[in-house]
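To start, the structure under review is shown below, and the notes come after it.
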Amino acid sequence: MADIFTPLCRMLETIPPQGILVFLDRQKKMIEDDLAAKRTVPLNDVRSILSFCEFVNAARANVLPSPAVVAYSHLIFYRKTVARLIEANILPESAAAQFDATFSTALSRSTAVQYDRSMAYHY
């Protein structure tokens, strides 16, 4: 099964912030079409990307989306993307706090894993 997150990252890194929202809307539509047509897609990547698209749309409307859990590597990339959008005045500054609230479960899980691993080396 093909990885769809890595190509998404490559594209988002090359797009100016002003084009990210249109790109994400198109990406979301393509993923939804793939799901509707029952094409094989990596579901973890799909859930992650759709959650991020939902977050961006909610942040634009200044509402809090449903909580989401994504892979830690995805979380890091999404946080950088949100920072770019805030810096370009595409998302409000409150989007940073909204991001933390939306993805807090993933943040707390990743922190717990890092904590557990670091503690293992001290015994």
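Bear in mind these aren't lab numbers, they're just calculated from the coordinates by the rules spelled out. Because the structure is predicted, anything quoted here is derived from the model rather than measured. Positions of Cβ are backbone-derived with ideal geometry, glycine not excepted, and every protein chain shown enters the neighbour counts.
Specify the residue that is farthest from the chain's Cα centre (by Cα); the eligible residues are those in region 58-93 that are of a type in the set (Val, Ile, Thr) and outside any loop (DSSP other than H, G, I, E, B). Break it down into steps so the answer makes sense when it comes.
From region 58-93, those of a type in the set (Val, Ile, Thr) are 63, 69-70, 76, 81-82, 86, 90; that's our starting set.
Checking which are outside any loop (DSSP other than H, G, I, E, B) leaves us with 76, 81-82, 86.
Numbers: Ile76: 8, Thr81: 8, Val82: 9, Ile86: 15 Å.
Filtering region 58-93 for residues that are of a type in the set (Val, Ile, Thr) and outside any loop (DSSP other than H, G, I, E, B), the one farthest from the chain's Cα centre (by Cα) comes out as Ile86.
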List every residue pair whose Cβ atoms lie under 9 Å apart, where the two residues are 6 or more positions apart in sequence or sit on different chains, the first residue falls within region 47-62 and is farther than 11 Å from Val82 by Cα, and the second residue, located anywhere, is in a helix (DSSP H, G or I) and hydroxyl-bearing (Ser, Thr, Tyr). Ser48/Tyr78; Ser51/Tyr78; Ser51/Thr102; Glu54/Thr102; Ala58/Thr102
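Filter region 1-50 down to the residues that are among the acidic types (Asp, Glu) and either part of a loop (DSSP other than H, G, I, E, B) or surrounded by fewer than 17 Cβ atoms within 10 Å (Cβ to Cβ) (or both) and list them by number. Walk me through it before giving the result.
The first filter runs over region 1-50 and keeps only residues among the acidic types (Asp, Glu), leaving 3, 13, 25, 32-34, 45.
Matches in region 1-50: Asp3, Glu13, Asp25, Glu32, Asp33, Asp34.
So, in region 51-61, of the ones that are surrounded by fewer than 17 Cβ atoms within 10 Å (Cβ to Cβ) and touching a helix residue (DSSP H, G or I) at 6+ places or on another chain (Cβ under 8 Å), which residue ends up farthest from Asn89 (Cα to Cα)? Break it down stepwise before answering.
As a first pass, look at region 51-61 and keep what is surrounded by fewer than 17 Cβ atoms within 10 Å (Cβ to Cβ): 54, 57-58, 60-61.
When the remaining residues are screened for being touching a helix residue (DSSP H, G or I) at 6+ places or on another chain (Cβ under 8 Å), the result is 58, 60.
Working: Ala58: 15, Arg60: 11 Å.
Checked region 51-61; the qualifying residue farthest from Asn89 (Cα to Cα) is Ala58.
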(1) in contact (Cβ under 8 Å) with a residue 12 or more places away in the chain; (2) in contact with a helix residue (DSSP H, G or I) (Cβ under 8 Å, 6 or more places away or on another chain); (3) not acidic (Asp, Glu): which one isn't true of Leu35, the others all being true? (1)
Those residues of region 82-93 which are loosely packed, with under 12 Cβ neighbours inside 10 Å and either among the polar types (S, T, N, Q) or under 23 Å from Cys9 (Cβ atoms) (or both), in sequence order: Glu87, Asn89
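Taking into account only those residues within region 72-91 that are of a type in the set (A, V, I, L, M) and in contact (Cβ under 8 Å) with a residue 60 or more places away in the chain, which is farthest from Val46 (Cα to Cα)?
So in region 72-91, the residues of a type in the set (A, V, I, L, M) come out as 75-76, 82-83, 85-86, 88, 90-91.
From the residues that got through so far, the ones that are in contact (Cβ under 8 Å) with a residue 60 or more places away in the chain too are 85, 88, 90.
Numbers: Leu85: 22, Ala88: 27, Ile90: 24 Å.
Among them, the one singled out is Ala88.
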